[in-house]
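The values are calculated or read from the model by the stated rules, or taken from the named source; none is laboratory data. Please read these numbers as outputs of a predicted model, since none were measured by experiment. No Cβ is skipped: glycine too gets one built from the backbone with ideal geometry, and neighbour counts run over all protein chains shown. Heavy atoms of the whole protein, side chains included, go into the accessibility calculation; ligands, DNA and RNA do not. Shrake-Rupley method; radii C 1.70, N 1.55, O 1.52, S 1.80 Å.
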Amino acid sequence: MTDIFETLESEVRSYCRTWDTVFDHAEGSLLYGEDGKEYVDFFSGAGALNYGHNNPLLLQPLIEYLQSGAVVHSLDMKTPAKRRFLEAFNEVVLTPRSLDYKVMFPGPTGTNTVESALKLARKVTGRHHILGFTNAFHGMTLGSLSVTGNSMKRRGAGIPLTNTSSIPYDGYLEGSGGDFQWLSRTLEDSGSGVDLPAAVIVETVQGEGGLRAARAAWLRGLAEICSLHGVLLIVDDVQAGCGRTGTFFSFEEAGIVPDIVCLSKSISGFGLPMALTLFKPELDIWKPGEHNGTFRGHNPAFVTGAAALRHFWADSDFQLQIGERSVQLHGGLEEIALRTEGAHVRGRGMIAGIYYPDPETAGKIASESFARGLLVETSGPKGEVLKALPALTIDPDALRRGLAILADAAEAVTG
Ligand code: PMP
């Protein structure tokens, strides 16, 4: 189909090539093409739609807000919508978890919160080096790319990305209790030549890097060693946060309290651009103007974000529901994985998928799934992991249908 998308949009585009359909409307976990074809959505806007498309619980307050003549764009000024979001975040997220964080709206997207975290860590410690992990993904701007462990993406920068280095992400391995001897020696500088870093940045589940999930003991070990050496711990919860792993923050299971937390994607709940950086109060050292910009908290996103927190996170039923859907998802994926030798299920909660030993298999299954009416992504340095990211609110029937399409597509590809 040669049309304006082909002639005008840059070749850099990727999703519109993978899924060559014009998507017209959507509801819950279903998307519809202009041609009327229905797709079950196991992609969820790359994790920005944890509550599904056009969730009426969020749509209604948004419509009312927009029709009320209230302020839509206000940079970082005070508005009632911002107040209501901050109140909801405090009452529903921070207070019940006894978390003491200051919050900052660093810009509209995930990479903005990561940039702010790296910048703040450097400013606070007066040190420049940051440690990231192999296969990590933190965003596409220069700072976040500099801690991303993917050479292909890093090469896109066109300049050397400096002042960072990456250490092995081995916390998913059986028995990895987190003794971190190597890291410990490096930080003590017994000949490592590595400057004491300002911070370590970590994903608890590597969303883009292959769905490996760090074990709780490993995360605790990492938090301990960081604290021992005065190195700040940044958890990038852009993809794994907002309920994906079963709890609001993905690090809750490990019982750690990072110094800085990065949130975006589903924090607005409705797919509206929004990011949030949380940091311990003693790190609140920037002076006004040291980190500002135009889109630092958008009122429509505050409205849907507050509604999502109040509707879904004010009691524990939603967590139970995520737990039930996760069991269904993992069960379905296990059955599919069993049919291919060497394949296995990875991930945690509703961020899960199947690793295939042949790196081409997952991509082929994803294409076959699309043809059969399911949107599903791949993950991992070679795209070797099939990645399912259904909405946390997906109904059991849509989940069953999506898994059935996936099973048929896998059967068609692997025989
Ligand atoms: N951090 C993580 C863990 C991510 O998964 C992503 C996006 N996939 C980002 C940061 C960057 O977010 P954005 O694409 O909104 O800039």
Revision key, fill the gap. Subset of segment 368-404, residues open to solvent by 30 Å² or more (accessible area, probe 1.4 Å) and either assigned to a loop (DSSP other than H, G, I, E, B) or over 30 Å from Ser151 (Cα atoms) (or both), comes to Ala371, Arg372, Pro381, Lys382, Thr393, Asp395, Pro396, Asp397, Arg400, Arg401, Ala404
Revision key, fill the gap. All-but-one check, Thr164 against (1) open to solvent by less than 50 Å² (accessible area, probe 1.4 Å); (2) away from the ligand (no atom under 16 Å from the Cβ); (3) closer than 24 Å to Ala240 by Cβ; (4) modelled with pLDDT under 95, failing number (2)
Point to revise | Single residue of segment 91-122 satisfying the filter (under 14 Å from Gly241 (Cβ atoms) and of a type outside the set (A, V, I, L, M, F, W, C)) that is most open to solvent (accessible area, probe 1.4 Å) | key: Arg97
Exercise for review: Can you tell me which residue among Asp358, Asp408 is in a loop (DSSP other than H, G, I, E, B), farther than 21 Å from Asn55 by Cα and open to solvent by 10 Å² or more (accessible area, probe 1.4 Å)?
Suggested key: Asp358
Study note, to complete from the structure: Screening Ser144, Ser250 for residues that are within 15 Å of the ligand (Cβ to nearest atom), open to solvent by less than 20 Å² (accessible area, probe 1.4 Å), within 26 Å of Val376 (Cβ to Cβ) and not in a loop (DSSP other than H, G, I, E, B) leaves only Ser144
Check your understanding: When segment 80-125 is examined, which residues are found to be under 21 Å from the mean Cα position of the chain (by Cα), part of a helix (DSSP H, G or I) and among the β-branched types (Val, Ile, Thr)?
Key -> Val92, Val93, Thr111, Thr113, Val114
Review point. Residues of segment 189-212 being in contact with a Cys (Cβ under 9 Å, 6 or more places away or on another chain) and near the ligand (Cβ under 10 Å from one of its atoms), which ones?
Key: Ile201
Exercise for review: Give the number of residues within segment 30-51 that are closer than 28 Å to Ile267 by Cβ and in contact with a Leu (Cβ under 8 Å, 6 or more places away or on another chain).
Suggested key: 11
Review point. Which of the residues belonging to segment 27-59 are open to solvent by 20 Å² or more (accessible area, probe 1.4 Å), outside any loop (DSSP other than H, G, I, E, B) and free of Cβ contacts under 8 Å to residues at least 40 places away in the same chain?
Key: Glu27, Tyr32, Pro56
